[in-house]
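The values are calculated or read from the model by the stated rules, or taken from the named source; none is laboratory data. These numbers come from a predicted model, not from an experiment. All Cβ positions, even for glycine, are placed from backbone atoms using ideal geometry, and neighbour counts span all protein chains on display.
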Amino acid sequence: MVVLLLLALLSLLLGSVAIPLADIKAYFLGGSFTDEVNLSIIQNFRMPKVVSALLAGSALAVSGLQMQTVFRNPLAGPYVLGISSGASLGVALVLMGSSAFGLSFWGSQVGTVVAALVGSLLVLMLILAVSIRVRDIMTLLILGMMFGTAVSAVTSLLQYFGSETSLKNFVIWTMGSLGGVGRQQLWLYAALVLLGLALAWAYVRPLNVLGIGDTYARSLGFNVKQTRFLIFLSTSLLAGAATAFNGPIAFVGIAVPHLARMVFRTSNHAILVPASALAGAATLLLCDIIAQLPGSATVLPLNSVASLMGIPVVIYIVLKNKRVVS
Amino acid sequence: MNGIVIDIKGLVSGYRNGVSSTYRYPAFNAVALRGELIALIGRNGVGKSTLLRTLARIQPSLDGNVFVKRVNFQQISGSEFAQLVSFIPSEPAHASHTTVYEFVSMARYPYHGWFEALNDNDHKLVDDAISAVGMQNFRDRFIDNLSDGERQRVMIAFAIAQDTPIIMMDEPTAFLDLPNKFEVMRLLREQAQKGKTIIISTHDLQTAFGLVDTIWLMLSDGVRVGAPEDIVLSGNLNRLMDDTPVLFDLKSGQFVYKHQTRLVACVLGGSPNIKKWTSHALRRMGYEVEFSPIDDASTYVQIQEHEGKVQWILGRDDRNPTFDSIRNLCIYIKGTALL
C-alpha cells in the first residue's frame, strides 16, 4: 500500500517536465501553485495517467489470477480467452479499415477505445456462449486460443493491406500506453474495472474451490458452469477495459499473480485478489516510471518495459516449479 | 427397515457420447444403511466411477431414482446435497500454495453464504478432522508436497470436515502401498462406526474383502449385493474373472491361476506354518496339494525339522535331494520340469 502511494507520487513527479513536490501538495491539499501550467499538467496528463495505471494494473493482475485459477494453468493470463485479439481487431479495423476498404472510420482516440471495447465484447460473448455449452475446461482453453488466433489472422490481413501510416499507428497502439486516456473517459474506465473487481471479490470462494478442481467444486454444491460464466464475465470486463483504454499490455497479468502467491504463500483468493490488484497497480506504475526515462523527454513503449520486467519473473517461475502442468 | 440412508431404485448410470453412442449400465437397486461400509467392486471399465459419480450427483443419471434420507436426490439443492454427501474424486487435489488447513477448510463452504466468514465452530471441526486422520503436524504443509498416503488421509479429513452422513470416495486406495491401504481403510471403518454411511469404489479385492461390510459387485449384466462371504459362496466372484487366467479358490481363500493339467503334490511332516507356506509355493507352481500320502501323486515333499533347522526332501525315501530353502526346492522342481 505504502509502496503503491510512493510510486504514484513518483509517477506524478517525474516526466518530461519536472514538477515540484509543492505543486502536487497544492493539487491534493489546496494551496497555490508555483506555476499554473503545472496545475494543467497534473490535472490533464499526470493524474489520468496515474489513475489509468492503477486501473489497468489491478485489472490485468486480477483477471490473470482468475484465468490461472479457473484453467489451473500457471501460464494462463488475461488474454487466454482471446480478448486482446478481439480488441486488436476492432482497433485494426478503425485504424486501417479506411485504407483497406476505402471506408472512412472515425480514427480518433475515442474511436479506438470504442472499437477495442466492441471487439473484446464480441469475443467475450462468443466465449461466454461456448462456456455454457462446453463442460471441459481444457476444451474451453483450446477454443479460447483458437478464437484468438483466428481473430489475429484477420488482423494480420488488415495489416497486410493497411497503409504505412495506419500500420504505424496500429503498431504503436499494440505497444500499450497509459497516457491516452482523457479525463472524461476515465469515469467509464473506472466503472468497468470496479465492476469487474467487485465480481472477482464476490467469487473468491468459488475461485478457491475451482483452483482445486471442478469435481470438488461440484461436490461442494457450486454450480460450476454458472460460476465460470460470471468469472469469465469479470475477466472480460477487466481485461477488455484495460486493453481498450491502454492497449494490450503484456506480462503484468501473468507475472503479478505469481508474485502475489510467492509473497503470501497462499492460494486463498481472499488474500490473492486484493494482493494481485495492489501489486498489479504498483508494477504498472513502476513500468511507467521506467518507461518515462526520468529526466529525459523520450518515452519508451510501455509493453517493452513490461515484458522486460515480466519475463524474468515468468522464467523464474518455470525454473522453480519445473512441473508446470499440475 | 430403519436406518436406510440411501435407497437406490432402478438407477441407470452411464454417459452419452455424442448422439448415437451411449454407455448404459443395467438398472440397479440397493439400499445403504447407517454405519455401513460398502465397497463397489468391478473390473476396470465396467463403470464403477460412473456409478459412484452418478450417486454423488456429479454427473446426471440416465434413468431411475435415488432417495437420500427419503428425498429424491434430484430435488435437493446444491448446498443441501453437499451437507448430505461428501464426494472425494479419484483424481487427487493438486493446487500450488494450498496448505492442508486451507484445503480442508473449503469443506465448510456449503454451510455458509458467500460472504459469511468461517466461524470458531468451523475452525474447530477442521482442526478435529485433521487430527482424526493423524495429520495435525502437517496442517501448514502444502498439499502438493505430501506423499500419496498423506494426501489420501487429507482427503478423508476433507470428507470428515464436510460433516455429512454419507461419504463417497472413488478409488481411495489406488496408488497406495499396503500399510497406507490398511490405514485408509481403518480410518474409513472408524467413520462407519460413528454412524456414517461410506461407499468406496475399488478394484483392490483383497483390501475390500477383508475390511468392508457389504460388497456391491458390478458384473457386466448388473450388480450383486451381499456380504463379502455371500459373494464368495455365490460363485459370483469368479464371474469377475471370466476370460482371465485367474480364479478364486474357495478352499484356500486365494486367487490362483487356472491350470490345464492339475498335478498332485503331497506335503508330509513339518509344523503347520511351514506346511502352509510350502503348499503355497507348490500351488503357485501349479500343483494341487494334499497333506496325506496319495499313491498316484507326482511329487512328494517331506519336511524335517532338526534343532531349529528346516529341510525339504523331495521324494519318498531319504536318498533324494534335500534343500535348505523353499526357493531351492522350487528351482529344482522347475529344473526337472524343464528336462
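Before moving on, here are some points about what is shown:
- Only one entry of B:Arg153, B:Arg141 meets the criterion of being within 23 Å of A:His269 (Cα to Cα), among the basic types (Lys, Arg) and more than 8 Å from every other protein chain (Cβ to nearest Cβ), and that entry is B:Arg141.
- Residue in segment A:179-192 that is surrounded by fewer than 22 Cβ atoms within 10 Å (Cβ to Cβ) and closer than 30 Å to B:Ser96 by Cα present: no
- Where a residue in segment B:139-152 is of a type in the set (Val, Ile, Thr) and its partner, wherever it lies, is assigned to a loop (DSSP other than H, G, I, E, B), with Cβ under 9 Å and at least six apart: B:Ile143/B:Pro92; B:Ile143/B:Ala93; B:Ile143/B:His94; B:Ile143/B:Ala95; B:Ile143/B:Thr98
- Taking segment B:9-125 as the region of interest, the helices (runs of 4 or more DSSP H) fully inside it that hold 3 or more residues being crowded, with 19+ Cβ neighbours inside 10 Å are B:48-55, B:100-105.
- Restricting A:Ser177, A:Ser156, A:Ser152, A:Ser166 to those that are within 20 Å of A:Val50 (Cα to Cα) and polar (S, T, N, Q) reduces the list to A:Ser177.
- With respect to the conditions (1) over 26 Å from A:Asn73 (Cα atoms); (2) touching a Ser or Thr at 6+ places or on another chain (Cβ under 9 Å); (3) among the hydrophobic types (A, V, I, L, M, F, W, C), B:Phe158 falls short on a single one, namely (1).
- Residues that are out of contact with any helix residue (DSSP H, G or I) (no Cβ under 9 Å at 6 or more places or on another chain) and among the acidic types (Asp, Glu) within segment B:291-310 comprise B:Asp295, B:Asp296, B:Glu307, listed in sequence order.
- The set of residues in segment B:74-116 being facing another protein chain (nearest Cβ under 9 Å), over 26 Å from the mean Cα position of the chain (by Cα) and aliphatic (A, V, I, L, M) consists of B:Ala95, B:Met106.
- In segment B:139-236, counting only strands (runs of 3 or more DSSP E) that sit wholly within it, the ones holding 3 or more residues that are closer than 30 Å to B:Ser79 by Cβ and at pLDDT 90 or above span B:166-170, B:197-202.
- Qualifying residue in segment A:166-176 (condition: within 28 Å of A:Arg135 (Cα to Cα), away from chain B (no Cβ under 12 Å) and polar (S, T, N, Q)): no
- Within segment B:60-73, the set of residues being out of contact with any Leu (no Cβ under 9 Å at 6 or more places or on another chain) and either touching a residue at least 40 places away in the same chain (Cβ under 8 Å) or within 7 Å of chain A (Cβ to nearest Cβ) (or both) comprises B:Phe67, B:Arg70.
- Note on segment A:186-237: among residues that are more than 8 Å from every other protein chain (Cβ to nearest Cβ) and charged (D, E, K, R), the one that is farthest from the chain's Cα centre (by Cα) is A:Asp214.
- In this structure, A:Thr298 does satisfy being more than 30 Å from B:Pro89 (Cβ to Cβ), away from chain B (no Cβ under 12 Å) and either of a type in the set (Phe, Trp, Tyr) or outside any helix (DSSP H, G or I) (or both).
- Test: residue in segment A:59-71 that is assigned to a loop (DSSP other than H, G, I, E, B) and either modelled with pLDDT under 85 or among the basic types (Lys, Arg) (or both): yes
- Looking across segment A:41-85, the residues that are of a type in the set (A, V, I, L, M), within 14 Å of chain B (Cβ to nearest Cβ) and closer than 16 Å to A:Val252 by Cα come down to A:Leu65, A:Leu75, A:Ala76.
- Test result for A:Gly176, within 30 Å of A:Arg46 (Cβ to Cβ) and either free of Cβ contacts under 8 Å to residues at least 24 places away in the same chain or buried (at least 18 other Cβ atoms within 10 Å of the Cβ) (or both): yes
- Residues being surrounded by 13 or more Cβ atoms within 10 Å (Cβ to Cβ) and either within 23 Å of B:Gly14 (Cα to Cα) or of a type in the set (S, T, N, Q) (or both) - total across segment B:207-221: 8
- Just one of the listed residues (B:Ile331, B:Ile303) is surrounded by 14 or more Cβ atoms within 10 Å (Cβ to Cβ) and not in a loop (DSSP other than H, G, I, E, B), and it is B:Ile303.
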